[in-house]
Amino acid sequence: MGLSDFLYSLGEGVERLIRGIKTALLELLFPGPREEPPSYPISTRVVRKRKLTVHELISLHLQLVFLAYLTFGAVSLFLPFGPYVFVAVSVVYFLHLRVLFRRYGNLLLDPNPYRFFYLGVSAIAFLAFLGFMLLRRFAPGVYYYYGYVAVVTGAVLLFRWYFKYRYGRDYTHGIVEEVRGDLVRVFINDDIAANIKPGHYWVPAVPDAEVGRVVKVLLEERFMKGAVPVRILEVYLSQSSHTETEPKEASE
């Protein structure tokens, strides 16, 4: 290969690299919605359940990423240059949340409560860890630490109250999967606004509650256990406006 050919190939390679970096930056700063479901192989390996709905997959990933962020925040308290490392990781974490909700928020059954909850609790966690690191630098008396913990606890409780006030509800939607005598088995997706875990629940049967029908289910809050279904409030005879409640298979 002559010198001119080498320089030409080098120029093409640099041009492709610049285009790739530009595309990656645009995707990071201005991500657009996508219709295809995400693939989170690490998140899916955490649970034994082989098949997850798209909604469950995204919700599970959000929980795991948030727990990892909390764990790193606790570890960074003991690292050299902890505040700087924690801030750097926090920037990456919040960018990940932004990209996730921009790209796949439309695949959640109701994205607004999830976006508000995870951005809110993440902001509280960021301020709590960073504030504690700065507090340690001044090494005040032990009562300052007690006061700081009380302030953080109050912020968490206030956020919890406001979230329930703004998004909380005592019902959710599910799909009838089995009818057995006076009972029906309903599949319910993860619903953060209703504080209910995904799964199959047995509730009293009602007229028109046939297999495949979407139903509106009344919930009852249980202390330290979340909400549990009580009875069916409504059966949707037409699923045209409620197909988003149907389980969707996640791509691997």
* Quickly run through the range 158-192 and pick out the residues that are out of contact with any strand residue (DSSP E or B) (no Cβ under 6 Å at 6 or more places or on another chain), modelled with pLDDT under 95 and among the aliphatic types (A, V, I, L, M). => 179, 192
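Out of the residues in the range 219-252 meeting the condition of being among the charged types (D, E, K, R) and part of a strand (DSSP E or B), tell me which one is modelled with the lowest pLDDT.
Here the answer is 249.
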* Structure fact -> Residue hits (the range 152-167; among the β-branched types (Val, Ile, Thr) and surrounded by 13 or more Cβ atoms within 10 Å (Cβ to Cβ)) are 152, 156
* To do: Looking only at the range 132-143, count how many residues are out of contact with any helix residue (DSSP H, G or I) (no Cβ under 7 Å at 6 or more places or on another chain) and surrounded by 11 or more Cβ atoms within 10 Å (Cβ to Cβ).
  => 2
* Sort through 97, 109 and tell me the only one that's under 12 Å from the mean Cα position of the chain (by Cα), surrounded by 15 or more Cβ atoms within 10 Å (Cβ to Cβ), over 20 Å from residue 128 (Cα atoms) and assigned by TED's automatic domain parsing to the domain that holds residue 159. => 109
* Structure fact -> Taking the range 110-136 and keeping residues of a type in the set (Ser, Thr, Tyr) and closer than 18 Å to residue 72 by Cβ leaves 118, 122
* **the range 150-171 - residue that is touching a helix residue (DSSP H, G or I) at 6+ places or on another chain (Cβ under 9 Å) and β-branched (Val, Ile, Thr) and, of those, farthest from residue 204 (Cα to Cα)** => 151
* Asked: Between a first residue in the range 133-145 that is in the same structural domain as residue 74 (by TED's automatic domain parsing) and assigned to a loop (DSSP other than H, G, I, E, B) and a second residue that is loosely packed, with under 13 Cβ neighbours inside 10 Å and among the aromatic types (Phe, Trp, Tyr), which pairs have beta carbons less than 6 Å apart while being 6 or more apart in sequence or on different chains?
  -> none
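The values are calculated or read from the model by the stated rules, or taken from the named source; none is laboratory data. Just so it is clear, the model here is predicted, and its values are computed rather than measured. Cβ: placed from backbone, ideal geometry, glycine included. Neighbour counts: every protein chain shown.
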